[in-house]
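To keep things clear, I will list the structure first and then write my remarks on it.
The values are calculated or read from the model by the stated rules, or taken from the named source; none is laboratory data. The structure displayed is predicted, hence computed values, not measured ones. Reconstructed Cβ throughout: ideal geometry from the backbone, glycine too, with neighbour counts over all protein chains shown. Surface areas here come from the heavy atoms of the whole protein model, side chains and all, with no ligands, DNA or RNA. Shrake-Rupley method; radii C 1.70, N 1.55, O 1.52, S 1.80 Å.
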Amino acid sequence: MASCVLEAPLRMSVLSEVTASSRHYVDRLFDLDPQKVLQGVMLLYLLQQETSSTELRTECAVVLGSLAMGTENNVKSLLDCHIIPALLQGLLSPDLKFIEACLRCLRTIFISPVTPEDLLYTDATVISHLMALLSRSRYTQEYICQIFSHCCKGPDHQTILFNHGAVQNIAHLLVSTSYKVRMQALKCFSVLAFENPQVSMTLVNVSVDGELLPQIFVKMLQRDKPIEMQLTSAKCLTSMCRAGAIRTDDSCIVLKTLPCLVRMCSKERLLEERVEGAETLAYLIETDVELQRIASITDHLIVMLADYFKYPSSVSAITDIKRLDHDLKHAHELRQAAFKLYASLGANDEDIRKKIIETENMMDRIVNGLSESSIKVRLAAVRCLHSLSRSVQQLRTSFQDHAVWKPLMKVLQNAPNEMLVVASSTLCNLLLEFSPSKEPILESGAIELLCSLTQSENLALRVNGIWALMNMAFQAEQKIKSDILRGLSTEQLFQLLSDSDVNVLMKTLGLLRNLLSTRPHIDHIMSTHGKQIMQAVTLILEGEHNIEVKEQTLCILANIADGTTAKELIMTNDDILQKIKYYMSHSNAKLQLAAMFCISNLIWNEEEGSQERQDKLRDIGIVDILHKLSQSSDPNLCDKAKTALQQYLA
């Protein structure tokens, strides 16, 4: 008995110190004086002592939770003291109140931006144990769902939670009597399903109390529900739709999810809600033309988004400094969201692009967006510009009037890859032959920039670099073509022609074909680079390549055969002549036709030396093949062969 008497006052005194002067305790825990830090660590020590009473350990968890709600430094210090393993250990206690206090504290620590999410996944048994605790009380449900939704970042985490039965364990919480539990369960599903087909496909078929989840989500996005619930269920349905689990023409998307997200973009909503609404809507409609059309005519969305650029409001209207601070913080998020949504809206439809560009000061806003300090806004502005640059009409007008290429070229200097890919795709469009931006872009050092992109490790950048050069070379003057060849260097050209990606190869062949067009250009380029180009052609015709690649290569040969002096590079190359002969009898008609173009250009009568060329080709058996082809059932081949034979008769 005596020992108990001694213990009770001691326990009470520690407890009263913890509660009554917890503020003083807190200050001590985060003092730089090592002596005081040591006293602070006592809390954690007491929490972990099996011999401490449950009330004391619970109280310690509560105070630690209050500490964690303080500054980020508080959380860092607690993490350094290994608070997470201590609290996870606490979850093994039989006492529910203690478990709840530990979970509440864990929740507070995990929602802090300084806590690494991976700390939840270091021990596999933790997740199973948390799933088991879900049935204990509405508090364990709320806190555990909140921990999951904050710590689920990316496909690896989604898979771990999914494999531990998250869907089955959390689904029934969507009909809990507690709003907080319903809300946290909903948030869990929105992060589990995001860009995850496996989870999305599973959710479609799960039912709770005889009702399928999509129907439950639809009920949760009705107008009478709290905004955060509407938004989060719209996110769930959006992810399921993007994963192919719900069709894009399903009424729950067209009549419920899409209108709900458009509502979130209206002036009545808080800035944060407008950001989230626009970003989610941009994702929902990104790849579907029909949804883009529906969204563009719902509630004047295109005009409504123009308002996103009007923050912070004029200073005179804001008497409240706090409000200004809030507006400033959200201003760039709003601009980013608006650019993203405009990019999705204008991805395919010419009329929608026209409407977007005609919205007040739109081009100025994009140009300003390209030079903003926030990289996220810059990226979103480039995406928007890229989407609008798919319009031939706009390239000729608005893009020209606003000299969009200037800030775009600036964006391309030292940008991260994600930005470079979109910006260089936009540049490809600006370099199309009908675009008046072509000249000034060339003068601003584009060739050098694009040649350097073709050497990138990043495949998309190599493709865009060579694609833009191909567009640039189309119907270009000889000086530009020579500059491109000089900028690329023969080594790089060969590198691109032996690239493992067929897209890079096709665009490089397209570039060669554009460089070798019009006679004087063909002769000029073949006089300086003839040997290397013929080597490249041989290399490809001998390699294991698909029909399109071979066809494009034979078309390049046909262009060379059209030159005046360039012809001789083919006529003096027996290996190439044998290859042309081989492709004339190939099983694929496209390749036969392309080979015939080469022959026609070589034997054309009106040109100097045609007699000698005709004789040489007759000697290697070309005429016999032409006779055979003139009997072909393919009308194109038959016509081409007859026309060629007439050259021999003339």
Which value, in debye to the nearest 20, gives the size of the charge dipole of the range 528-649 about its Cα centre, when Lys and Arg are +1 and Asp and Glu are -1 at the Cβ? 180
What aspartates and glutamates could a cross-link reach from Lys355, if we take a straight Cα to Cα line under 16 Å and drop same-chain neighbours fewer than 8 places away? Asp299, Asp307, Asp364
Quick one: net charge around Ser389, please, counting Lys, Arg +1 and Asp, Glu -1 for every other residue with C-beta under 11 Å from its C-beta. +3
Work out from phi, with θ = phi - 60° and the Karplus expression 6.51 cos²θ - 1.76 cosθ + 1.60, the ³J(HN,Hα) of each residue of the range 451-462, listed in order in whole Hz, and give x for Gly and Pro. 4, 5, 5, 5, 9, 5, 5, 6, 4, 4, 6, 4
Per residue of the range 155-171, what does 6.51 cos²θ - 1.76 cosθ + 1.60 with θ = phi - 60° give for ³J(HN,Hα)? Whole Hz please, x for Gly and Pro, Karplus curve as stated. x, 5, 5, 4, 5, 4, 5, 4, 5, 8, x, 4, 4, 5, 6, 9, 3
Apply the Karplus curve 6.51 cos²θ - 1.76 cosθ + 1.60, θ = phi - 60°, to the phi angles in the range 466-481 and return the couplings in whole Hz, x for Gly and Pro. 6, 5, 5, 5, 5, 4, 5, 7, 5, 6, 8, 6, 4, 4, 4, 4
Pairwise label distance in nanometres, Ser137 with Glu372, each label 7 Å out on the Cα-Cβ vector: 4.5
Output the pairs from Lys376/Lys481; Lys153/Lys340; Lys438/Lys640 with a Cα-Cα distance over 28 Å in this structure; if there are none, say none. Lys376/Lys481; Lys438/Lys640
Amide H contacts of Glu286 (H built 1.01 Å from N, under 5 Å, at least 5 apart or other chain): none
Nearest-0.05 FRET efficiency for Ser66 and Glu443, computed from C-beta distance (R0 60 Å): 0.40
The range 528-649: relative contact order from alpha carbon pairs under 8 Å, six or more residues apart, as a whole percent, is 20
Isotropic mean projected area of the C-alpha convex hull, the range 376-445 (nm²): 4.2
Select one label from [x] 95.8; [y] 40.0; [z] 29.9: the one whose number is mean projected area of the Cα convex hull in nm² as derived from the coordinates shown. [y]
Tally Lys and Arg at +1 and Asp and Glu at -1 over the other residues with C-beta under 15 Å from the C-beta of Leu493: what net charge comes out? +3
Protein accessible area in the chain, 1.4 Å probe - carbon and sulfur %: 53
Taking N as the number of residues in the range 528-649, what is its alpha-carbon radius of gyration divided by 2.2 N^0.38 Å? 0.99
Scoring the chain by relative contact order with C-alpha pairs under 8 Å, at least six apart, yields a percentage of 5
At 222 nm, what value in deg cm²/dmol follows for the chain if DSSP H runs of at least 4 each add -39500 (n - 2.57) and the sum is divided by all its residues, to the nearest 500? -22000 deg cm²/dmol
If you add up the charges near Lys340, with Lys and Arg at +1 and Asp and Glu at -1, over every other residue whose beta carbon is less than 13 angstrom from its beta carbon, what do you get? +1
Under 12 Å from a point 7 Å along the Cα-to-Cβ line of Gln168: which residues of the range 219-245 have their amide N that close? none
Note down the nm distance, to one decimal, between modelled labels 7 Å out along Cα→Cβ at Leu255 and at Asp325. 4.7
Which pairs in the list Lys187/Lys322; Lys531/Lys579; Lys310/Lys406; Lys97/Lys235; Lys235/Lys406; Lys616/Lys642 are over 27 Å apart, alpha-carbon to alpha-carbon? Lys187/Lys322; Lys97/Lys235; Lys235/Lys406
